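Undergrad: Sharing a structure, written as structure tokens. Questions coming.
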Amino acid sequence: MAPPSFKSRFWLYGLLALAALIFFLCRERQLSGYDPASFVLAIKYGYSVQQARPHGPGYPGFYLLWKGIEYVTCLSPHSVILEANFLFLLSAVALTYFAAKRLFDERTAVFATALLATNPVLLYFACTTELYVYDAAFSAFLVLLLIAPPRRFEIALYFVYGLLGAFRLSSVILTFPVILISLLMHFYRDRSFLHLFQCSVAIVIGLLVWLIPFLYNIGGWGQFVAMLQGVGDLPTSLVQNLGRLLPAMLWMTSGLFIIAVINSRPAWKKFLQFDSRYLILLLIEAVPLLFFTLKYYEKGYALILLAPVALLGSRLIGRGKRPNVTILAACCVNLLVFFAVPFIPPSAKSSLNHLHRSNGERFASSILRETSFFAPTSSHLRASDNASETSETIIGTLPKGSVIVVDISAGLWAFPRTLQAQFPEMVFLMPSETDTQHVRKFARDSLNYRYTWNDFSNSIQGKPAFYYLTDPQLQRVIGSPPGNSITSGGHTALFYIPRDSFEVLKKYDRTFFYRGGE
């Protein structure tokens, strides 16, 4: 294969620079979210799946990477995770370019890389301390492995595939069927049992390299199976999955709608002609999409589909009319989604039990949450930063050792797990999202899922005070609770509850969440 031209490398370097610039300008300033806080706690206090540092299935590969970056750079845990995501962002861009170039041609590589580097979902999750940007790099690696592997390193790449289970085991599980199909297709074509055997052994060795020490760390195979069963217990419906998946796919493929409008029918006809390369790309998407639709979908899972989507889109552009204009329009739409879509917070009522909202209120809340509150935009990043800074300012006024109850509405912008990482000297409680007696207790490096209101009432003796953190919007709907209030930035959000008024707190909680007492 001829070496890449200067023009091709210029576009690659330019797109890498663009992605890096957006990352450094837009990355989050404040830690926010349950999972990211668990990652930070793991870096601060040590690896413990039992204490959800991080949660199952454990992500040992990420933990080792973070600790390595921390050792070399001496950055804070929050910054360490962001820098790791930055590396995955650059890897996704570069791997997509090289995979597309080996698979098709130079122009397709530039187009596919441009679609990926400007994708709003990728940019958004790269700028947060969530881990989904890794899946974009993984999907590009998978394309390279299955369709265009360098022959000298093919067996080594299958070993790496098994090794990547240490980062996100679910990604390996969801893509293993297409790995198996690809190996069988190769065996059917070449009748090479040796190749099939070598690749299979390489995957197994890659899995065992990390799985054996991981099993030793968590207490054996039985604990691992129980952990996987707990992770796999995902009680969601088809409607709920589609309600999350379809908006995510809309945001991720926004630029491709420009392609569908501009390109003519002959371009689609040519594109749909059978090609084994397209078959593999579609198979990479098929199994994860089926799982997301029927079983479970959340946040940025769709990024595991991003590289195949970008490659298929780039081929469609190249075979249509005015490809240069089309790719420019698609990239502009991607960037407009990320930079121009405003953030509109959902109604305060959206945090209440759905049984106490009308169908119209529930529908409006769902639409707004998926098209604004959970949209992959820079405005969402800034709103999240501002909310985190406000909650940090409010809680920073309290005496050390305070007990703080965080209701579900405030938990939309003041995650107890995040506050636990930021204020290890405080105790945070989150009432259950269902009608039960249990709450979650967040304190220093520990997490107790089965902490009860009785536990709470018995443990407040000798504490400086306890407080109720709520959403200021919801206060206007329900009314003010008893006690004195603390304000920050003009918003009343934290209420002091005297220790001798615990019964009032329980009564207020029943009123707030329409839930029964003990």
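The values are calculated or read from the model by the stated rules, or taken from the named source; none is laboratory data. A quick note: this is a predicted structure, and the numbers were derived from the prediction, not measured. Cβ placement follows ideal geometry from the backbone for every residue including glycine, while neighbour counts extend to all protein chains displayed. When the accessible area is computed, the model is the full protein with side chains, heavy atoms only, and any ligands, DNA or RNA have been set aside. Shrake-Rupley method; radii C 1.70, N 1.55, O 1.52, S 1.80 Å.
Undergrad: Going through the stretch 441-456 one residue at a time, which ones are out of contact with any helix residue (DSSP H, G or I) (no Cβ under 7 Å at 6 or more places or on another chain), at pLDDT below 85 and crowded, with 18+ Cβ neighbours inside 10 Å?
TA: If the condition is that a residue be out of contact with any helix residue (DSSP H, G or I) (no Cβ under 7 Å at 6 or more places or on another chain), at pLDDT below 85 and crowded, with 18+ Cβ neighbours inside 10 Å, then 451, 456 are the ones that fit.
Undergrad: Going residue by residue through the stretch 23-33, is there one that turns out to be hydroxyl-bearing (Ser, Thr, Tyr), closer than 19 Å to residue 129 by Cβ and touching an Asp or Glu at 6+ places or on another chain (Cβ under 9 Å)?
TA: yes
Undergrad: Further question: Please verify whether the stretch 84-94 includes one or more residues that are without any contact (Cβ under 8 Å) to a residue 24 or more places away in the chain, open to solvent by 20 Å² or more (accessible area, probe 1.4 Å) and in contact with an Asp or Glu (Cβ under 9 Å, 6 or more places away or on another chain).
TA: no
Undergrad: Looking only at the stretch 404-416, decide whether some residue is among the hydroxyl-bearing types (Ser, Thr, Tyr), outside any helix (DSSP H, G or I), modelled with pLDDT under 80 and open to solvent by 10 Å² or more (accessible area, probe 1.4 Å).
TA: no
Undergrad: If I ask for residues that are polar (S, T, N, Q) and either open to solvent by 50 Å² or more (accessible area, probe 1.4 Å) or at pLDDT 80 or above (or both), which ones from the stretch 417-439 would you list?
TA: The answer is 418, 420, 422, 434, 436, 437.
Undergrad: Another question, if that's okay. Anything in the stretch 40-61 that is surrounded by 21 or more Cβ atoms within 10 Å (Cβ to Cβ) and within 20 Å of residue 215 (Cβ to Cβ)? List them, or say none.
TA: 42, 49, 53, 54, 57, 58, 59, 60
Undergrad: Tell me yes or no: at least one residue of the stretch 459-470 is open to solvent by 20 Å² or more (accessible area, probe 1.4 Å) and either modelled with pLDDT of 85 or more or within 20 Å of residue 32 (Cα to Cα) (or both).
TA: The answer is no, given that none of the residues of the stretch 459-470 is open to solvent by 20 Å² or more (accessible area, probe 1.4 Å) and either modelled with pLDDT of 85 or more or within 20 Å of residue 32 (Cα to Cα) (or both).
Undergrad: Further question: Which of the numbered conditions does residue 167 fail, given that it passes all the others? Conditions: (1) within 21 Å of residue 210 (Cα to Cα); (2) within 15 Å of the chain's Cα centre (by Cα); (3) open to solvent by less than 10 Å² (accessible area, probe 1.4 Å).
TA: Here residue 167 meets the rest and fails (3).
Undergrad: List the residue pairs whose Cβ atoms are under 6 Å apart, where the first residue sits in the stretch 71-82 and is closer than 15 Å to residue 42 by Cβ, the second is acidic (Asp, Glu) and open to solvent by less than 30 Å² (accessible area, probe 1.4 Å), and the two are 6 or more positions apart or on different chains.
TA: none
Undergrad: Identify all residues within the stretch 96-106 that are in contact with a helix residue (DSSP H, G or I) (Cβ under 6 Å, 6 or more places away or on another chain) and surrounded by fewer than 24 Cβ atoms within 10 Å (Cβ to Cβ); write none if there are none.
TA: 101, 103, 106
Undergrad: Would you mind finding the one in 102, 27 that is touching a residue at least 24 places away in the same chain (Cβ under 8 Å) and either over 30 Å from residue 417 (Cβ atoms) or small (Gly, Ala, Ser) (or both)?
TA: 102
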